[in-house]
Amino acid sequence: MKFTLTTDTACDVFRSELDGLNVPWIPLTYTVKGETSEDNFDSDAQYQAFYDLLKSGAMPTTSQINSFAHAEFFENILAADKTVPIVHLTLSGGLSETVNSARIAAAEVMEKISGAQIYIVDTLSATQGHNHILKEGLRLRDTQVEGADAAKQLADFAGRIHHWFMVDDLHHLKRGGRVSGASAVIGTLLKIKPVLIINHEGKLAVVKKAHGVAKAMNFILDMVAQHKADFSSGEFIVVNANAHENAKELGRRLAEKYPECPVSIGWIGPIIGAHTGSGVFGVTFLGRENSRLTDK
């Protein structure tokens, strides 16, 4: 092994699966009703319970991982063998300051431990988009790519990951301050379903206000056709935030249209779900380049 691949938990992969893949992880945190918890989800039931809280009206907040926690995490890994580089994947810098905390910690640890090498990769992604980059990191790790080269390749790869998803609960967006109360009420009455992306800066942007779920799903499928890099290969990961039937239907339509491409469904965890609410579904995939669209 030429490097140790590590990640924060924004990838929304079950933590036991990360352990089984020999990928050390550091948890992000979220707070609900004054109680702060680590994002250490390891079962469907934990994700479902989180969205049940949101449906009851809870409004979670999230926090970045600070530099002290990152430094402790890196030092613990290097204690086993400081000569093996670390390549660490973080939640998008457009959504959180976590990546900057990781960079500060990496610099401090490398100054403290002679010979240590830590490469921080901003995934420009979250949830299952982050998972795509994790999977590519595993491929590079297991094919014996050098740490520095892997970090560069993963940064380039991150710039091509697309996230297209529909938000269902406008009142949750209103409580979070993203839309006004009037917009939430009118939008709900008109069955407006915003379609969002994570753009080339790693930021959330509303790119379509579809009238109803069916039109939102059709728009997402149109965007896949426009942006997918190669329809003879490359996985689709459908994202799901307690929108099981819509996620299954989108997965079915993708599998039918692109039979050569594997399709799986993965959760949106509490770090992104805290901001987008319950009922979200969409798809992540490798595209030609990340979308440069911004809010409409």
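The values are calculated or read from the model by the stated rules, or taken from the named source; none is laboratory data. Keep in mind it's a predicted model, so treat the numbers as computed, not measured. So basically every Cβ, Gly included, is an ideal-geometry build from the backbone, and we count neighbours across all protein chains shown. The area values use the complete protein model at the heavy-atom level, side chains included, leaving out ligands, DNA and RNA. Shrake-Rupley method; radii C 1.70, N 1.55, O 1.52, S 1.80 Å.
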Original post:
Among the listed residues ASP39, ASP44, ASP81, ASP12, which satisfies the condition of being without any contact (Cβ under 8 Å) to a residue 12 or more places away in the chain and among the charged types (D, E, K, R)?
Top reply: ASP81
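Looking only at the range 90-127, count how many residues are among the hydroxyl-bearing types (Ser, Thr, Tyr) and open to solvent by 40 Å² or more (accessible area, probe 1.4 Å).
Here the count works out to 2.
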**OP:** Go through the range 53-103 residue by residue and tally those that are of a type in the set (Ser, Thr, Tyr) and more than 21 Å from the chain's Cα centre (by Cα).
**Re:** 2
**OP:** Among the residues of the range 1-42, write down those that are farther than 19 Å from ILE133 by Cα, open to solvent by 30 Å² or more (accessible area, probe 1.4 Å), in contact with a helix residue (DSSP H, G or I) (Cβ under 9 Å, 6 or more places away or on another chain) and not in a strand (DSSP E or B).
**Re:** LYS33, ASN40, ASP42
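Starting from residues that are assigned to a loop (DSSP other than H, G, I, E, B) and of a type in the set (A, V, I, L, M), keep the ones in the range 102-124 and report whichever is nearest to GLY147 (Cα to Cα).
So in the range 102-124, the residues assigned to a loop (DSSP other than H, G, I, E, B) come out as 113-117, 123-124.
Imposing the further condition that a residue be of a type in the set (A, V, I, L, M) reduces the set to 113, 116, 124.
Details: ILE113: 17, ALA116: 12, LEU124: 19 Å.
It comes out as ALA116.
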Original post:
Hey, does the range 242-251 have a residue that's under 27 Å from SER63 (Cα atoms) and either open to solvent by less than 10 Å² (accessible area, probe 1.4 Å) or in a loop (DSSP other than H, G, I, E, B) (or both)?
Top reply: yes
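Out of all the residues in the range 109-136, which are among the polar types (S, T, N, Q) and touching a Pro at 6+ places or on another chain (Cβ under 7 Å)?
We begin by selecting, within the range 109-136, every residue among the polar types (S, T, N, Q); these are 114, 117, 123, 125, 127-128, 131.
GLN117, the sole residue that qualifies.
If I filter the range 207-225 down to residues being open to solvent by less than 20 Å² (accessible area, probe 1.4 Å) and not in a helix (DSSP H, G or I), which single residue comes out as nearest to LEU95 (Cα to Cα)?
VAL207
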Original post:
Tally time: how many residues in the range 226-241 are open to solvent by 40 Å² or more (accessible area, probe 1.4 Å) and of a type outside the set (A, V, I, L, M, F, W, C)?
Top reply: 5
**OP:** Could you please tell me which pairs satisfy a Cβ distance under 6 Å, a separation of 6+ or placement on different chains, a first residue in the range 161-173 that is more than 11 Å from LEU196 (Cβ to Cβ) and of a type outside the set (Asp, Glu), and a second residue that is at pLDDT 70 or above and assigned to a loop (DSSP other than H, G, I, E, B)?
**Re:** ILE161/SER125; HIS172/GLY277
Original post:
Is there any pair linking a residue in the range 201-219 that is of a type in the set (Asp, Glu) to one that is open to solvent by 40 Å² or more (accessible area, probe 1.4 Å), with Cβ under 7 Å and at least six apart or on different chains, and which?
Top reply: none
Original post:
Mind checking which residues of the range 43-63 are open to solvent by 70 Å² or more (accessible area, probe 1.4 Å) and at pLDDT below 95?
Top reply: ASP52, LYS55, SER56, THR61
